[in-house]
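Single-structure report; data block below.
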Amino acid sequence: MKNVGVVGGGLMGSGIAEVSARAGQDVVVVESSEEAAKAALGRLERSLERAEAKGKVASAAEVLDRIRVVTDLDAVADREVVVEAIVEDEAAKVALFRQLDAVVTDPDAILASNTSSIPIMKLGVVTSRPTQVVGIHFFNPVPVLQLVELVPSLLTSRETTERSRAWVEQGLGKQAIDCQDRAGFVVNALLIPFILSAIRMFESGFASAEDIDRGLVLGAAHPQGPLALADLIGLDTTKAVAESLYEEFKEPLYAAPPLLQRMVDAGLLGRKTGRGFYTYA
Ligand code: NAD
């Protein structure tokens, strides 16, 4: 697949567009407004300039030439694969998949979602082609992290999963793992309860944030501790994923601890707001 559509050019969508264009593919990014489209293009330009400065991309301009950022969803009509990366809101995604089904003309096109927690089945069944709807879950930052989780729903065809695997592995140079269509897939289902346990440990006064993180870095060879990682992911996102895991499995280990709820209410969301478990300049 060489013609790629990405809907939503935020943190993840712009990353998916970047890796696709860096792999020589023709990319259309659809944003919801002119302002958001401008922001998406700015994100792409800054990221590609950094990659060029580090020698990872020969010419940022050449890569950018393969990307069009637009506000009209009709621009994805001729795409072979469309990856949805809009906000993590089930109603918004369901509405978008209905529209994509109407707009995308290639009968073999794959309609993928980058959702972290919404069941792929809910998106597949609102289209006339649920066999071609699949989860392709990238990791943040997309240009850096190698992993992609492939998530077929019960109705996704084997052919769709295998074509998606070929696209992410041979097309984009990523590595795929297979997951069932369950909240959290593999990585978040393991990572989120780990982070929540660290928050509970800190909340109870058992150890300081610094010591919890140093413990995991120095004692378990993690690249960063769980509280620093929560600040990086964003405490709002951490809480949202925990809530969808809890909703799905009803297990206490997925329940967001009160401290996490209060920090989100207070706007202490981690790196993006300058303060979470740590303070950032
Ligand atoms: P984000 O808020 O940075 O970006 C979302 C973008 O979608 C925004 O730019 C917004 O303008 C745009 N948008 C919203 N509705 C739209 C519509 N109808 N049409 C076109 N554009 C629209 O969010 P993000 O962090 O990039 O997350 C996007 C998706 O990726 C979510 O489903 C999220 O769960 C998933 N995800 C996020 C991460 C992460 O670490 N942030 C990791 C993996 C997957």
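Annotations
- Tensor-based shape of the chain (alpha-carbon gyration tensor, a/c under 1.5 rounded, otherwise prolate or oblate): prolate
- Computed over the chain with a Gaussian network model linking Cα atoms closer than 10 Å, the most mobile of ILE192, ILE16, ILE233 is ILE233.
- Contact order for region 199-281, expressed relative to its length and based on alpha carbon pairs under 8 Å spaced 6+ residues apart, stands at 27 percent.
- Helices in the chain, meaning DSSP H runs of at least 4 residues, each add -39500 (n - 2.57). Divided by all residues, the mean residue ellipticity at 222 nm is -13500 deg cm²/dmol.
- Remark: GLU159, GLU80 ranked as GLU159, GLU80, counting other beta-carbon atoms within 10 Å and listing the fewest first.
- Straightening the chain between ARG262 and LEU147 buys 38.2 nm, computed as 0.36 nm per residue apart minus the Cα-Cα spacing.
- For SER113, residues with placed amide H under 5 Å, excluding near neighbours: GLU84, VAL134, GLY135, ILE136
- The mean sequence distance of close C-alpha pairs (under 8 Å, at least 6 residues apart), as a share of the length of region 126-281, puts its relative contact order at 17 percent.
- Total lysine pairs whose alpha carbons fall under 28 Å of each other in the chain (8 or more apart, or interchain): 27
- Taking amide H positions as modeled 1.01 Å from N, with prolines and chain starts lacking one, the residues under 5 Å from LEU269 and 5 or more places away or on another chain are ARG275.
- With contacts taken as Cα pairs under 8 Å and at least 6 residues apart, the chain reaches a relative contact order of 13 percent.
- If R0 equals 30 Å, the separation of the Cβ atoms of HIS222 and ARG50 corresponds to a calculated FRET efficiency of about 0.75.
- Couplings 3J(HN,Hα) for region 203-216, derived from phi with the Karplus relation 6.51 cos²θ - 1.76 cosθ + 1.60 (θ = phi - 60°), are 4, 7, x, 5, 7, 6, 4, 4, 6, 4, 5, 4, x, 6 Hz, where x marks Gly and Pro.
- Sorting GLU203, GLU149 by the number of Cβ atoms found within 10 Å of their own Cβ, with the fewest placed first, yields GLU203, GLU149.
- Residue-by-residue Karplus 3J(HN,Hα) for region 16-30, coefficients 6.51, -1.76, 1.60, Hz, glycine and proline x: 5, 4, 4, 5, 5, 5, 5, 8, x, 8, 8, 10, 10, 10, 10
- For region 56-198, the share of DSSP beta bridges that are antiparallel, to the nearest 5, is 30%.
- Hypothetical label at VAL187: residues of region 218-254 whose amide nitrogen lies under 13 Å (7 Å Cα-Cβ projection): 233
- Karplus-derived 3J(HN,Hα), 6.51/-1.76/1.60, for each residue of region 135-143, Hz, glycine and proline x: x, 10, 9, 8, 10, 9, x, 4, x
- Candidates SER117, SER128, SER20, ranked by Gaussian network fluctuation over the chain, Cα under 10 Å, top entry: SER128
Read-outs throughout are calculated quantities, based only on the coordinates presented, and are distinct from any laboratory measurement. Keep in mind that what you see is a predicted model, and the values were worked out from it rather than measured. Here the Cβ is made from the backbone with ideal geometry for all residues, glycine too, and neighbour counts use every protein chain on show.
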